[in-house]
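A short worksheet on the structure shown next.
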Amino acid sequence: MFSVKKFRVLLADSGLTIREFSKVCGVTTSTISQILNHGVKPEITTIGKLAKGFGVSAAALMDD
């Protein structure tokens, strides 16, 4: 299952704002905000885009 906690850590470590990361990964700022603030679970294609934006595998965004 997608880990919001891991996503938050990677985003903080990246030093990017939500808007900047949105441009890097191709996911709307609205979607990223919904994931972070409302616990919305992203679709698998979105997880792939987020992971690619961080330069990690999709598994890095999943719970252990």
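The values are calculated or read from the model by the stated rules, or taken from the named source; none is laboratory data. Keep in mind it's a predicted model, so treat the numbers as computed, not measured. In case anyone asks, the SASA skips ligands and DNA or RNA and just uses the protein heavy atoms, side chains included. Shrake-Rupley method; radii C 1.70, N 1.55, O 1.52, S 1.80 Å.
When a 1.4 Å probe is rolled over the protein heavy atoms, the share of accessible surface on the chain that falls to carbon and sulfur comes to 55 percent. Between amide H atoms placed 1.01 Å from N, distances below 5 Å from VAL40 occur with ILE35, all of them 5 or more places distant or on a separate chain. Less than 5 angstrom separates the built amide H of MET62 from those of SER3, all sequence-distant by 5 or more or on a different chain. From the coordinates of this entry, P(r) over Cα pairs in 5 Å bins from 0, in percent is computed, and it appears in (i) 4, 18, 34, 30, 12, 3; (ii) 4, 14, 9, 10, 8, 7, 8, 6, 7, 5, 5, 4, 4, 3, 2, 2, 1, 1, 0; (iii) 4, 20, 35, 32, 9, 1 under the label (iii).
For the chain, the solvent-accessible area works out to 63 Å² per residue, with a probe of 1.4 Å and every protein chain left in place.
3J(HN,Hα) couplings calculated from phi for region 4-17 with the Karplus curve 6.51 cos²θ - 1.76 cosθ + 1.60 (θ = phi - 60°) are, in sequence order, 5, 4, 5, 4, 4, 5, 5, 5, 4, 5, 6, x, 8, 6 Hz; Gly and Pro show x. Scalar couplings 3J(HN,Hα) for region 23-28, obtained by applying the Karplus form with A = 6.51, B = -1.76, C = 1.60 to θ = phi - 60°, are 5, 5, 9, x, 10, 5 Hz; x denotes Gly and Pro.
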